[in-house]
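Engineer: One structure, pasted below without further comment.
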Amino acid sequence: MNKYTKNNLPKLFSEEETCGHRVQIFKETKLGKIHASLPLEELGTTLPIRQEGTAGAPSWFGNAGMFAVMFLKHYLNLSDEMLVDRINTDWELQMFCGRQFGDNDRIRDRNLPSRIRSYIGNNLSLETFQEIMIEQWSPHMGNTHCSLFDATAYESYVKYPTDEKLLWDCCVWIFECIYVLCKELGVKRPRHKYREQSIKQLAFSKTRKKTFKLRKRRRNSLLYLLNQGIVFMDALLAENAAFLSIAKYLCVQEKLKTVRTIFRQQTYMHEHPGEYVKNRIVSFFKPYLRPIIRGKENKRVEFGAKAHIYQVDGINLIDKLSFDPYNEALCLKGCVDKHNRHFGELHQLGVDNIYGTNKNRTFITENKICTCLPRKGRPPKHDKQTSKMRQELGRQRATGLEGSFGNEKNHYGLRKVKARTQNNEIVWILFGIMTANAVKISKRTRQQEDG
């Protein structure tokens, strides 16, 4: 028998030599430069310490490794399943996450990135995260006396909402829930017209020209059906309170609160057409979303999170992130205070014309900040230098800041945020922005080393 069989082939290098060789190669790659620019160990201290050896699935990554997985998610711009496959087969990505897999090691949980995102979202403070990143990146940042402000919306991955779609989603959920509960409780199903309405809803969705009368008739039928479902559900909860009080059905009761709120809002809008409804829910599966009117030609309304961003030397930082619409002009004073606290005194500011309120102008003048806002009144005689500075600040805001928004949305997974909960969407947006920043910092360090 040949001594050089498949399992007995001589190795040119030992495992220690191979690992050391890989570390040297990894440090010279783009991914290694990005890893060097990230304070993963410090970020890991912001999460609770998990006990090792507890029952359940194995812990593949520590706290620092979980942050590394999130940065990889947005750097590679992959789905969760594809990211798991890449980590299983690429030693470079494993080294980025701080763990080298053995021959038999393989992540089989395709939902691992999603569970990591949920864990980080429930335990991470946005302000603490950004402070750690600023401390790490500030030595590589110049021109910190200048800042650019603007707001943008990061759209959530939802179907375009209409009243008919929203009411039908509630009807589908509540009657499916009634079917399951009746089966588990051994109770006879109540009589209803859910099947007839499902046929009519399908015909309505296929209708190309939906008139006002047709929509109104459809809403009226769906409101009646949804009211029936709520009455049936309340009767089941009242008769079987002890059985339905276990943790398994707590999410059902939370969803039922959302259904009641939607029914109340839609009933009011149906009876009072054209009137404003405060905190109107537009998505049953994401009740925290609110319509954000942007006024664009191709997209008047967007549904997602609105972020007020301030950029310092090409690095974007989040000042305010909210799913409720707000006026970014009201954020100027607080954002200037944040800049002064992190980077020193602010002298030059590039903003849009929406920030040019009298209150903001008074604050800017008192703090001796030069902006690109158009002057009020007659200009002074010798204003050429100030005018050129305003033009340059306006150009930087229009190209640098707004261009970075497009770069993040096109290349770092922020075109459509596909997370399913509010905290997860915030984490998704945060890591998308910070990954784009890390790539910029890594390029600067590489240029400094080469130069």
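Engineer: For region 197-292, which trypsin sites (Lys or Arg not before Pro) are in a loop by DSSP, counting at most 10 other Cβ atoms within 10 Å?
Structural biologist: Within region 197-292, the qualifying trypsin sites (Lys or Arg not before Pro) (loop, at most 10 other Cβ atoms within 10 Å) are 208, 209, 278.
Engineer: Could you work out how far the C-alpha centroid of region 117-153 sits from that of region 340-405, in angstrom?
Structural biologist: Answer, in whole Å: 22.
Engineer: While we're here: Give the carbon-plus-sulfur fraction of the accessible surface of region 42-136 in %, rounded to a whole number; probe 1.4 Å, heavy atoms of protein chains only.
Structural biologist: Solvent-exposed carbon and sulfur of region 42-136 make up 44 percent of the total.
Engineer: Given a Förster distance of 41 angstrom, what is the FRET efficiency for residue 206 paired with residue 100, based on the Cβ-Cβ distance and rounded to 0.05? All intermediate terms of the calculation are to be shown ahead of the outcome.
Structural biologist: Details: r = 54 Å, r/R0 = 1.33.
Computed FRET efficiency for residue 206 and residue 100 comes out at 0.15.
Engineer: Averaged over all directions, how much area does the convex hull of the C-alpha atoms of region 353-415 cover when projected, in nm²?
Structural biologist: Result: a mean projected hull area of 5.6 nm².
Engineer: Further question on the same structure: Compute the distance in nm between two label points, each set 7 Å from the Cα along the Cα-to-Cβ direction, one at residue 385 and one at residue 264.
Structural biologist: For the pair residue 385/residue 264, the computed spacing is 6.2 nm.
Engineer: Further question on the same structure: Suppose every Lys and Arg Cβ carries +1 and every Asp and Glu Cβ carries -1, with no other charges. What dipole size does region 261-316 come out with about its Cα centre, to the nearest 20 debye? Mind showing how you got there, number by number?
Structural biologist: Numbers: 10 positive and 5 negative charges, 16 e Å.
That gives a dipole near 80 debye.
Engineer: Per residue, how much accessible surface does region 155-283 expose to a 1.4 Å probe? Answer in Å², no decimals.
Structural biologist: Ligands and nucleic acids excluded, the result is 64 Å² per residue.
Engineer: Please calculate how many Å² of accessible area region 89-129 carries per residue, with a 1.4 Å probe and no DNA, RNA or ligand atoms counted.
Structural biologist: 55
Engineer: Just how many % of Cα pairs in region 134-254 lie over 17 Å apart, if you round to the nearest whole percent?
Structural biologist: Here the tail beyond 17 Å accounts for 68 percent of pairs.
Engineer: Separate question: Using only helices, what value at 222 nm comes out for the chain when you add -39,500 (n - 2.57) per DSSP H run of length 4 or more and divide by the total residues, to the nearest 500 deg cm²/dmol?
Structural biologist: -17000 deg cm²/dmol
Engineer: Another question about this same structure. Calculate the dipole size of region 173-294 relative to its Cα centre from +1 charges on Lys and Arg beta carbons and -1 charges on Asp and Glu beta carbons; express the result in debye to the nearest 20.
Structural biologist: 920
Engineer: Extension gain residue 285-residue 187, at 0.36 nm per residue separation less the Cα-Cα distance, in nm? Provide the component values of the computation, followed by the final result.
Structural biologist: Details: separation 98, 0.36 × 98 = 35.28 nm, distance 2.77 nm.
Between residue 285 and residue 187, full extension yields 32.5 nm more.
Engineer: Let me know the charge dipole size of the chain about its Cα centre in debye, to the nearest 20, where only the beta-carbon of Lys, Arg (+1) and Asp, Glu (-1) is charged.
Structural biologist: So the magnitude is around 2700 debye.
Engineer: Let me ask you something else. For the chain, what proportion of DSSP beta bridges, expressed in % and rounded to the nearest 5, is antiparallel?
Structural biologist: The antiparallel proportion sits near 75 percent.
Engineer: Please return the longest range in the chain lying between exposed loop sites, taking chymotrypsin sites (Phe, Trp or Tyr not before Pro), DSSP loop only, at most 11 other beta-carbon atoms within 10 Å, and leaving the sites out. Numbers along the way, then the final one.
Structural biologist: Details: sites that count: 4, 13, 276.
No qualifying site falls inside 14-275, the longest such stretch.
Engineer: Using the Kirkwood formula over every pair of different C-alpha atoms, what hydrodynamic radius in Å results for region 276-369?
Structural biologist: Value: 15.3 Å, from the Cα pair sum.
Engineer: Looking at 442, 175, 158, which one has the Cα that reaches farthest to the positive end of the dipole of the chain (charges on Cβ: Lys, Arg +1; Asp, Glu -1)?
Structural biologist: About the Cα centre, the residue reaching furthest to the positive side is 175.
Engineer: Give me the number: length gained by fully extending residue 220 to residue 296, i.e. 0.36 nm times residue separation minus the C-alpha to C-alpha distance, one decimal in nm.
Structural biologist: Result: 24.1 nm gained on full extension.
Engineer: Could you pull out every residue, at least 5 positions away or on a different chain, whose amide H is within less than 5 Å of the one on residue 370? Hs are placed 1.01 Å off N in the peptide plane, and Pro or chain starts have none.
Structural biologist: Those qualifying (amide H under 5 Å, at least 5 residues apart or on another chain) are 348, 349.
Engineer: Shifting gears a bit: Given points 7 Å out from each Cα along the Cα-Cβ axis, report the residue 138 to residue 421 separation in nanometres with one decimal.
Structural biologist: 3.4
Engineer: Give the longest segment of the chain that steers clear of GluC sites (Glu not before Pro) in DSSP loops with at most 14 neighbouring Cβ atoms within 10 Å, not counting the sites themselves. Write out the running numbers ahead of the final one.
Structural biologist: Working: sites that count: 52, 275, 297, 345.
That gives 53-274 as the longest site-free run.
Engineer: On to the next question. Longer than 24 Å from Cα to Cα, which of 73/338; 409/443; 159/216; 299/376; 206/255; 193/418 are they? Say none if no pair is.
Structural biologist: 73/338; 299/376; 206/255; 193/418
Engineer: How much accessible area per residue does region 316-450 have, counting only protein heavy atoms and a probe of 1.4 Å, in square angstrom? Could you put the intermediate results ahead of the total?
Structural biologist: Details: 7330 Å² over 135 residues.
It amounts to 54 Å² per residue over region 316-450.
Engineer: List every residue whose amide H lies under 5 Å from the amide H of residue 305, counting only residues 5 or more places away in sequence or on a different chain, with H placed 1.01 Å from N in the peptide plane.
Structural biologist: 154, 156
Engineer: Considering the options 358, 223, 329, tell which one lies farthest towards the positive end of the dipole of the chain, charges being +1 on Lys and Arg and -1 on Asp and Glu at the Cβ, about the Cα centre.
Structural biologist: After comparing all options, I get 223.
Engineer: Give me the extension gain from residue 115 to residue 322: residue separation times 0.36 nm, minus the current Cα-Cα distance, reported in nm with one decimal.
Structural biologist: Stretched out fully, the residue 115 to residue 322 stretch lengthens by 72.2 nm.
Engineer: Shifting gears a bit: What label, among [x] 157, 52, 41; [y] 72, 64, 36; [z] 97, 77, 42, belongs to Cα extents along the principal axes in Å computed from the structure on display?
Structural biologist: Identified label for the calculated read-out: [z].
The values are calculated or read from the model by the stated rules, or taken from the named source; none is laboratory data. Bear in mind the structure is a predicted one, so any value in this text is a computation, not a measurement. Cβ atoms come from the backbone with ideal geometry, glycine included; neighbour counts cover every protein chain shown. Accessible surface is based on the protein model in full, side chains and every heavy atom, while ligands, DNA and RNA are left aside. Shrake-Rupley method; radii C 1.70, N 1.55, O 1.52, S 1.80 Å.
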